[in-house]
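Chemist: Quick one: this structure, given as structure tokens, is what I'll be asking you about.
The values are calculated or read from the model by the stated rules, or taken from the named source; none is laboratory data. Note that the coordinates shown come from a computational prediction; the quantities given were computed from them, not determined experimentally. Glycine gets a Cβ as well: all are built from the backbone with ideal geometry, and neighbour counts include every protein chain shown. Each accessible area value is taken on the protein alone, full model and side chains, heavy atoms only, with ligands, DNA and RNA left out. Shrake-Rupley method; radii C 1.70, N 1.55, O 1.52, S 1.80 Å.
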Amino acid sequence: QSLADSLETLHKKMAATKEGAMTGEIELREKVLSLYGAVNGYEGAPTKTQLDRIAVLEREMDKLGTELDSAASKEVSAINPQLDKKKLEPLAPLTEEDWQKKQKN
């Protein structure tokens, strides 16, 4: 349950999770989509403000990635001994390469 709670907390930081069209909830995904729309909708090169915003969002994404790695390693290391006792396969992070392979199937 602790792992699920940690992942749900991170999910709420990454994307709006409230239901409904106009919740006012703006998280990382919505910020990225807004910036993408602004850059894509402008005929010229991205502005300095837009480029600066990219850097800010990259840092935010890196921070969330670090939080995910930390939560996964902490929580999974606590869960795996319990799974081993029940003779179940341990949890292991999915590598990007393995994820890519699964997407092709």
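Chemist: Going through the stretch 2-105, which chymotrypsin sites (Phe, Trp or Tyr not before Pro) have at most 11 other Cβ atoms within 10 Å and a DSSP loop state?
Modeler: On the way: sites: Y36, Y42, W99; in loops: Y42.
Counting only loop positions with at most 11 other Cβ atoms within 10 Å, the chymotrypsin sites (Phe, Trp or Tyr not before Pro) in the stretch 2-105 are Y42.
Chemist: Provide the per residue accessible area, probe 1.4 Å, for the chain, rounded to a whole number of square angstrom.
Modeler: Values: 8560 Å² over 105 residues.
Normalised by residue count, the accessible surface of the chain is 82 Å².
Chemist: Here is a further query. Enumerate the whole-percent occupancy of each 10 Å bin, from 0 to the last occupied one, for all C-alpha pair distances of the chain.
Modeler: Spelled out bin by bin, the chain gives 12, 28, 33, 19, 6, 2, 0 percent.
Chemist: List the trypsin sites (Lys or Arg not before Pro) within the stretch 1-77 that DSSP assigns to loop and that have no more than 10 neighbouring Cβ atoms inside 10 Å.
Modeler: Loop-located and lightly packed - K18.
Chemist: Report the accessible area of S73, computed with a 1.4 Å probe over the heavy atoms of all protein chains in place, in Å² rounded to the nearest 10.
Modeler: 70 Å²
Chemist: For the chain, what is the mean residue ellipticity at 222 nm derived from helices alone (per DSSP H run of n ≥ 4: -39500 (n - 2.57); sum divided by total residues; nearest 500 deg cm²/dmol)?
Modeler: When only DSSP H runs of four or more count, the value is -23500 deg cm²/dmol.
Chemist: Check each of the GluC sites (Glu not before Pro) in the stretch 28-89 and keep only those in coil by DSSP with at most 14 other C-beta atoms within 10 angstrom; list them in order. Walk me through the numbers on the way to the answer.
Modeler: Numbers: sites: E30, E43, E58, E60, E67, E75; in loops: E43.
Filter output for the stretch 28-89: E43.
Chemist: To continue, here is another question. How large is the charge dipole for the chain, taken about the Cα centre, if only the Cβ atoms of Lys, Arg (+1) and Asp, Glu (-1) carry charge, to the nearest 20 debye?
Modeler: 180 debye
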